[in-house]
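Chemist: One structure, pasted below without further comment.
Every number in this text was worked out from the coordinates using simple rules, so none of it is lab data. Remember, predicted model here, so these are calculated numbers, not experimental data. Positions of Cβ are generated from backbone atoms using ideal geometry, with glycine treated the same way; all protein chains shown enter the neighbour counts.
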Amino acid sequence: MQFLFRYANPALFMRLSGAVLPYVASLTVVALAVGLLLGFTAPPDYQQGLTVLILFIHVPAATMAMSVYGAIAVCSLLSLVWRHPLSDTAARAAAPFGAVFTALGLVTGSLWGKPMWGTYWVWDARLTSFLLLLFLYFGYMALWNAIEDETKAARAAAVLALVGAVNIPIIKFSVDWWNTLHQGESIVSGNLAPVFLWPLLTMMLAYMLLFITLWLIRIRTAIVNRRVTALLQRSA
Amino acid sequence: MSPFLALLVRDMKLATRGGGGAALALSFFALVATLVPLGIGADLKLLARVAGGILWVGAVLAALLSLDRLFQGDYDDGSLELIALSPLPLELASLAKIAAHWLSTGAALTLLSPLLAVLFNLPSGATAILFLSLLVGTPAVSAIGAIGAALTLSLRRGGLILPLIILPLLSPAVIFGAGAVAAKLDGFSPHGALGLLGAFSLAAVLLSPFAAAASVRLNLSG
């Protein structure tokens, strides 16, 4: 665990993240540009036509929606068990991105559903579990904002995030059991043609980089914010 | 009397006497069951079809009503600190509070449900399954709800944020509970859904006291 705590020092974190940030940000721009270019020059699908292009926006958003919750859960565990001070800030900073990715996945999914399934919304298992995930994000952010004492808020939010992490697979299973219409996974199973696979993978990388860039910026802002507050209190 | 039982009996008394949540939850449940036919029409076939889902959602919402006071009252008057200092581990104290909440709301709602099922024209076989599913599933509502109540106990308006935190986590209970009733109505075996509901409920009752106790502790410290 020792190495984790070396990076818990906010000053060191500011230095390191400041050095890394420009590279991650430029990589994000490149990956987004390449991914979008590859995506929009991909041929129309023989069944879905041009709507297949939604794939490149929709699938990475959905993957990130879950990955961000995973990141929050790991940060919460670090914060609860080892009292790692930076991970609270990191968990709080990640939540709005997770909510936005979830909402983006839902909106693009619904826009895709209209031409494919004939309706904007179906109570399909994945759509439903993503809707529930969105509410989990809302609840998590609301709890953070509701408790004034920051240490208490951090620990309460961490408990909630972990309870949610335990519950998400159960929710997923129960909703699958309830109703399923969404197509199954098609990346690992090799059901996706290479012309679609490569832009998709690039876009997934781009989304991941975008999240890391914005996450770092938000954590840095939170740290600076705390310093300013501390300075103001000292001078007052 | 053991400390566990003493706490359970005390919480039961508080819930059932004046100002307690038990009677309120029951009236709320009955009112939801009255309002739904007014909203969707009196077609008895349709009502029988939706009864399982409506009554399950109604029961969950009714149980939520009194949930925000589960720890808050004791926190406000200081008795929660005494409970935390007592030899009874906080995990067991949370379990006692969950049990008291379930007995005063979940169990009471379950007992009322066959009567409301009559209003919805639910066949007797499906009513029995509804009763069973509520009996098996409502402990999960109290248990998971207790985590939310413990997390928000220091908040003046914790009752507002509590449903937002708790309801998504309770979706499996509603799915399996209403699913069992629907399966019975369609002539399938409800045992699969009931079994899954029981598993969910058991896991919730087993694990929630730890999360609830941890949340109480973090709110009491400092």
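Chemist: Go through B:LEU164, B:LEU109 for me and flag whichever is facing chain A (nearest Cβ under 9 Å), in a helix (DSSP H, G or I) and out of contact with any strand residue (DSSP E or B) (no Cβ under 9 Å at 6 or more places or on another chain).
Modeler: Values: B:LEU109 fails: facing chain A (nearest Cβ under 9 Å).
Within the list B:LEU164, B:LEU109, the selection yields B:LEU164.
Each row is one residue, and each column tells you yes or no for (1) among the aromatic types (Phe, Trp, Tyr); (2) assigned to a helix (DSSP H, G or I); (3) within 14 Å of chain A (Cβ to nearest Cβ).
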residue	(1), (2), (3)
B:LYS97	no, yes, no
B:LEU103	no, yes, no
B:GLY125	no, yes, no
B:ILE129	no, yes, no
B:SER133	no, yes, yes
B:ALA140	no, yes, yes
B:ILE147	no, yes, yes
B:LEU153	no, no, yes
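Chemist: Same structure, new question: From B:GLY192, B:GLY187, B:GLY198, grab the single residue that is away from every other protein chain (no Cβ under 12 Å) and without any contact (Cβ under 8 Å) to a residue 60 or more places away in the chain.
Modeler: On the way: B:GLY192 fails: away from every other protein chain (no Cβ under 12 Å); B:GLY198 fails: without any contact (Cβ under 8 Å) to a residue 60 or more places away in the chain.
Matching residue, one of B:GLY192, B:GLY187, B:GLY198: B:GLY187.
Chemist: Okay, moving on. Look through segment A:49-62, keep the residues that are surrounded by fewer than 18 Cβ atoms within 10 Å (Cβ to Cβ) and assigned to a helix (DSSP H, G or I), and return whichever of them is nearest to the chain's Cα centre (by Cα).
Modeler: Restricting attention to segment A:49-62, the residues satisfying the condition of being surrounded by fewer than 18 Cβ atoms within 10 Å (Cβ to Cβ) are A:49-51.
Okay, now just the ones that are also assigned to a helix (DSSP H, G or I), so A:50-51.
Details: A:LEU50: 27, A:THR51: 24 Å.
If we take residues in segment A:49-62 being surrounded by fewer than 18 Cβ atoms within 10 Å (Cβ to Cβ) and assigned to a helix (DSSP H, G or I), then A:THR51 is nearest to the chain's Cα centre (by Cα).
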